[in-house]
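Down below is the structure, laid out as structure tokens.
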Amino acid sequence: MFKTIEYNDGIVRMIDQTRLPCETIYIECKTGPEVAEAIRKMVVRGAPAIGVAAAMGVSIAAQAIDTEDPLFFFKELEKQCDILASSRPTAVNLFWAIERMKRTGESVANGSVKKIKERLKEEAHRIYQEDIETNKTMGRHGQELIRDGATVMTHCNAGALATAGYGTALGVIRAAVEAGKKIRVYANETRPFLQGARLTAWELKEDNIPVKLITDNMAGYFMRKREIDLIIVGADRIAANGDVANKIGTYSLAVLAKEHGIPFYVAAPISTLDLNLESGEQIPIEERSREEVTHIGGKRFAPEDIEVAHPAFDMTPNALIHAIITEKGVIRSPFIENLKKAKLS
Ligand code: MRU
């Protein structure tokens, strides 16, 4: 099995997700800004993976700060954290991981800089390990919602590539397969950046999980034909009321699912929950470059200078969501109460 990301000997090594599935290339980041750039360019993407990468980025940035003075150290670290935090705006895991790293550093602030650096390195490794374990636990809870023989539709890539390993939505599918169930997957290609076609289709194929790739506009056709039993997607940020920001196109799928009476599930770790935001309306939606809309594989297929819009995410209101699968269990409505309980437990 491929490794999405790893951190050894002061180097963060990640599979270049912009090159998959045609080439399996790994890139190495040796500084915090290099990690930030890899996140911005989507070499590493997917909310939990972005969080893990950022934690590793904070750690390598910390190791490079050449001082014995803790005050100066924290001032410099703050600058590095700001660079990492500006890489992408929607996935809250990025900010969650940076905050956790800062708190970890501050918890040993009265020790030597050497000691602070050691703790930060340890914490980055811990965040990585925890993410894999969280996904496996989420998978165990979520797989109970899937019957043997079911066909699951998914959107974007919420798999091992989007996490430290195993995946959230794809982790639930993996856990169902590991429990001996025969599962088939419909993967939406996920325009404009094609994470479904390039990453989910590749990842599931590598794992020998039967997968059919469709274009996004085929989803309703297959729902109407009763070929889809349930939908599972990941999340980039979940507001306190259970509204979910996820890859653009998720909202349309949820509306279609409601029309066809198909259960719509979101799988995400508790770290994706942002209790500071009352509703999904407050979630910042990233606008990405026009080229992702006008070009595929570097080739333009739209008129030059055409006006484009490119929101990379959309928001699915909680009323369209059957349940949110987390490592703390399967959370249902009333979301405000139950999400808060899960976060604080
Ligand atoms: O723009 P991306 O590829 O980072 O978007 C990824 C998604 O929308 C995923 O569904 C989400 O991050 C959950 S990943 C487990």
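The values are calculated or read from the model by the stated rules, or taken from the named source; none is laboratory data. Computed from a prediction, not measured in an experiment: that's the story for all the values here. Methodologically, a virtual Cβ is constructed for each residue, glycine included, from the backbone with ideal geometry; neighbour enumeration extends over all protein chains shown. Ligands, DNA and RNA are excluded from the accessible area calculation, which covers all protein heavy atoms including side chains. Shrake-Rupley method; radii C 1.70, N 1.55, O 1.52, S 1.80 Å.
Quick notes on this one:
- Failed item in (1) over 16 Å from V233 (Cα atoms); (2) assigned by TED's automatic domain parsing to the domain that holds P210; (3) open to solvent by less than 40 Å² (accessible area, probe 1.4 Å), with G180 passing the rest: (3)
- Whichever residue in the stretch 4-24 is in contact with a strand residue (DSSP E or B) (Cβ under 7 Å, 6 or more places away or on another chain) and within 19 Å of I127 (Cα to Cα) and, among such residues, is surrounded by the most Cβ atoms within 10 Å (Cβ to Cβ): T4
- Qualifying helices (runs of 4 or more DSSP H) (wholly inside the stretch 25-107; at least 3 residues being over 20 Å from the mean Cα position of the chain (by Cα), away from the ligand (no atom under 16 Å from the Cβ) and surrounded by fewer than 17 Cβ atoms within 10 Å (Cβ to Cβ)): 70-85, 92-107
- Flag set for S289, criterion: of a type in the set (S, T, Y), without any contact (Cβ under 8 Å) to a residue 40 or more places away in the chain and open to solvent by 10 Å² or more (accessible area, probe 1.4 Å).
- Residue tally, condition among the hydrophobic types (A, V, I, L, M, F, W, C), within 17 Å of N246 (Cα to Cα) and crowded, with 20+ Cβ neighbours inside 10 Å, over the stretch 316-345: 4
- Test: residue in the stretch 276-296 that is within 19 Å of the chain's Cα centre (by Cα) and small (G, A, S): yes
- Positions within the stretch 258-289 being away from the ligand (no atom under 16 Å from the Cβ) and not aliphatic (A, V, I, L, M), in sequence order: K258, E259, H260, G261, P263, N276, E278, S279, E281, Q282
- Among the residues listed as K136, K114, K121, the single one being within 16 Å of the ligand (Cβ to nearest atom), open to solvent by 70 Å² or more (accessible area, probe 1.4 Å) and farther than 28 Å from P284 by Cα: K136
This table checks each residue for (1) touching a Phe, Trp or Tyr at 6+ places or on another chain (Cβ under 8 Å); (2) away from the ligand (no atom under 13 Å from the Cβ); (3) over 18 Å from A169 (Cβ atoms).
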| position | (1), (2), (3) |
| --- | --- |
| A245 | yes, no, no |
| G249 | no, no, no |
| L256 | no, yes, no |
| G297 | no, yes, yes |
| D305 | no, yes, yes |
| I324 | yes, no, no |
| R332 | no, yes, no |
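Yes/no matrix, rows are residues, columns are (1) within 11 Å of the ligand (Cβ to nearest atom); (2) assigned to a helix (DSSP H, G or I); (3) under 19 Å from the mean Cα position of the chain (by Cα); (4) buried (at least 24 other Cβ atoms within 10 Å of the Cβ):
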{"position": "N157", "(1), (2), (3), (4)": "yes, no, yes, yes"}
{"position": "I173", "(1), (2), (3), (4)": "no, yes, yes, yes"}
{"position": "K205", "(1), (2), (3), (4)": "no, yes, no, no"}
{"position": "I209", "(1), (2), (3), (4)": "no, no, no, no"}
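- Long-range neighbours under 7 Å by Cβ, at least six apart or interchain, first residue over 18 Å from V330 (Cα atoms) within the stretch 126-139, second aliphatic (A, V, I, L, M) and part of a helix (DSSP H, G or I): I127/V52; I127/A55; I127/A97; Y128/V52
- One residue from I306, I270 being surrounded by fewer than 13 Cβ atoms within 10 Å (Cβ to Cβ), hydrophobic (A, V, I, L, M, F, W, C) and touching a helix residue (DSSP H, G or I) at 6+ places or on another chain (Cβ under 7 Å): I306
- Among the residues examined, V152 does not qualify as β-branched (V, I, T), open to solvent by 10 Å² or more (accessible area, probe 1.4 Å) and more than 9 Å from the ligand (Cβ to nearest atom).
- When V233 is tested against (1) free of Cβ contacts under 8 Å to residues at least 40 places away in the same chain; (2) in contact with a helix residue (DSSP H, G or I) (Cβ under 8 Å, 6 or more places away or on another chain); (3) closer than 28 Å to I270 by Cα, just one condition goes unmet, and that condition is (1).
One line per residue, one yes/no per condition, for (1) surrounded by 20 or more Cβ atoms within 10 Å (Cβ to Cβ); (2) assigned to a loop (DSSP other than H, G, I, E, B):
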site	(1), (2)
E227	no, yes
I231	yes, no
A245	yes, no
K258	no, no
V266	yes, no
P284	no, yes
